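Since the structure comes first, as structure tokens, the remarks are kept for the end.
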Amino acid sequence: MIAYATDVEGDIEYWNRYVEFSAVLRRGQDGCVELDEGVHFVFGGDVVDQSRGDTQVLSELLSLKRRCSRRYPERVHFIIGNRDANKLRLRTELGAAHLAARPLRGHPGPYWAQCLRPACTLTEGELESNSASSRLQWILKYTMGAVSAFEHRRAELAAREAGGDAQIDDGTVVQSFLESMNEGGAMLEYLLQARLAVRVGSGLFVHGGLPRAGRANWRPGWVPAWEPGSSEREMLPLEEWIQELERLRSTAMSEYKASLSQEPGSDAWSISGGYLHPQPGCSLNQYCMRDLVDGTQQASVVYNGWLGDNYQPIDFDDAATTAWIKDAGIRFVISGHLPHGDAPLVLRGEGVDAITADITYAAMTDWDGKREQEEDRPDRGRHAVCEVLLGPGPEEARVRGVLSSGLAYEASLADEVVGRRTADGWRVKGWAGQKLVLSRNEKYTFYGRLADPTEVTFI
């Protein structure tokens, strides 16, 4: 059996709820997370950024992998998410050379969002200070989509101190982020252990989706021109494609690790971009982006998920991609990255199914005009949890969990109704007892309802 969870993003309450709910994980007598015998666990990436448990979630995942490696190596697998890989930027962008070469006031901003450069987003006092803390807060909020990560880290550090109410200054927060990406740091260790794509049995696990640039430009087996003298390639057989992505990742991480013995340079990849930029590890940064420097979109499996620009699900209907997957014996493609309500979304293909299981927006799901309204609630709410399970047979897959309403549900992919669309625009996500669990969305507003199957017309 293979269990999958993804996109915890530092939400320690959700992580604890998931461990308690999981069919394969549990806490031992010492409080550490343990894996059952004879099973695999895949974490789908995006460990950090959106809540007050970044370092604790990282620590527990790494501890789980270390403990399991002693008894059954290669049973715990990590996938790289965009929120994980972008931390490769911090050492250079918070380094003394870059701070001096690119003061905040004249900083041009990242190549993908120059309209969010510091001069357009920071106060006069922040621009004048040009401090590492002002720089990090700008980086997190405006270039990494981690609006509250700086204050969340401060709160997490304070909670570790006696009494839990210590005063943590800005410099200590900055140091925490830097240490995490230095020798022995937890975020660095995760990136060293993780992969861009993992195959386990009949399942292919990636962070976002399959190789696709834009809504309909599917590019199966695509790898970028990431090293000097190379060219883009596509239609690589799946196993070779996985190996090439791993070569990209391992080369980038080797460059980054080797650079730790030297002071970082002044030239930051985020300003000018490119696979061949001199910043160590930049090829992994670039692969984990959707947009290239010229504004075109690349077929990264980290950033391109199963939802289009209008946030509606994309049909799994490309014949070449389907053949590429099936020829390798893959039956299920499992990912996260783009959340779709409070339960995983199943997309049916011709003999291959996709499951995307990010439920970050769970608490935003409207059930009968109601949703969780507490001001301090986490994005996933206080009830929602989900797990994808593959096996034991190669054709077996199911989803199980609890909705944001507190109702338990389950979906077997052997059930043909799961993933179907109704005539009035809903999608079937599973069953809660004898009722169908239906979901639809208008951009980022999600709706859920229960329906008697006799009342539903399918298309």
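Worth a mention:
- Cα-based convex hull, region 200-303, per residue volume (Å³, whole number): 112
- FRET efficiency estimate (nearest 0.05) - Cβ-Cβ, R382 to Q297, R0 60 angstrom: 0.95
- Helix 149-160 vs. the chain, principal-axis angle (Cα, 0 to 90°, nearest 10): 90
- Extension reserve of the D315-S69 stretch, reckoned as 0.36 nm per residue once the Cα distance is removed: 84.7 nm
- Lysines with Cα under 24 Å of K443, excluding same-chain neighbours fewer than 8 positions away: K141, K370, K429
- Working from the Cα coordinates of region 83-122, the gyration tensor eigenvalues give, after taking √(5λ), semi-axes of 17, 15, 7 Å in decreasing order.
- Angle between the chain longest axis and helix 170-180 axis [Cα atoms, degrees, rounded to 10]: 60
- Centre-to-centre, using Cα atoms only, region 108-134 and region 287-354 are separated by 34 Å.
- Estimated translational diffusion coefficient (Stokes-Einstein, Kirkwood radius over Cα pairs, 25 °C, 0.890 mPa s) of region 1-118: 150 µm² per second.
- Using all pairs of distinct alpha-carbon atoms, the Kirkwood hydrodynamic radius of region 359-459 works out to 14.2 angstrom.
- Normalised by the number of residues in the chain, the average gap of Cα pairs under 8 Å and 6 or more apart makes the relative contact order 14 percent.
- Sequence ranges 230-240, 318-328, ranked by mean other-Cβ count within 10 angstrom, highest first: 318-328, 230-240
- Extension gain from E179 to S254, taking 0.36 nm per residue of separation minus the Cα-Cα distance: 25.2 nm
- For region 183-199, 3J(HN,Hα) computed residue by residue from phi via the Karplus equation (6.51, -1.76, 1.60; θ = phi - 60°) reads 3, x, x, 5, 5, 4, 4, 4, 5, 6, 8, 7, 10, 7, 8, 9, 10 Hz, glycine and proline entered as x.
- Helix 12-21 vs. the chain, principal-axis angle (Cα, 0 to 90°, nearest 10): 30
- Overall, the chain carries a charge dipole of about 340 debye about its Cα centre when +1 sits on the Cβ of Lys and Arg and -1 on the Cβ of Asp and Glu, all other atoms neutral.
- Of the beta bridges in the chain, as assigned by DSSP with both residues counted there, near 70 percent are antiparallel.
- Ordering of 210-216, 19-25, 66-72, 121-127 by burial proxy (mean other Cβ atoms within 10 Å per residue, highest first): 210-216, 19-25, 121-127, 66-72
- Share of alpha-carbon pairs per 10 Å distance bin for the chain, given as whole %: 4, 21, 31, 27, 14, 3, 0
- Over the C-alpha atoms of region 301-359, the Rg to Rh ratio, Rh being the Kirkwood estimate, stands at 0.96.
- Candidate lysines for bridging to K326, where Cα separation is under 21 Å - those fewer than 8 sequence places away on the same chain excluded: none
- Heavy-atom accessible surface of region 214-336: percent carbon and sulfur, 1.4 Å: 49
- For region 1-81, accessible area per residue (1.4 Å probe, heavy atoms of protein chains only), Å²: 37
- Based on alpha-carbon atoms, the Kirkwood radius and the radius of gyration of region 230-378 give Rg/Rh equal to 1.05.
- Where a label projected 7 Å from the Cα of E416 along Cα→Cβ would reach, residues of region 296-332 with amide N under 12 Å: none
- Positive-pole candidate from S270, N285, W15, dipole of the chain, charges at beta carbon: N285
The values are calculated or read from the model by the stated rules, or taken from the named source; none is laboratory data. Please read these numbers as outputs of a predicted model, since none were measured by experiment. Note that each Cβ is placed from the backbone with ideal geometry, even for glycine, and that neighbours are counted across all protein chains shown. Note: accessible area is taken over every heavy atom of the protein model, side chains too, but ligands, DNA and RNA are not part of it. Shrake-Rupley method; radii C 1.70, N 1.55, O 1.52, S 1.80 Å.
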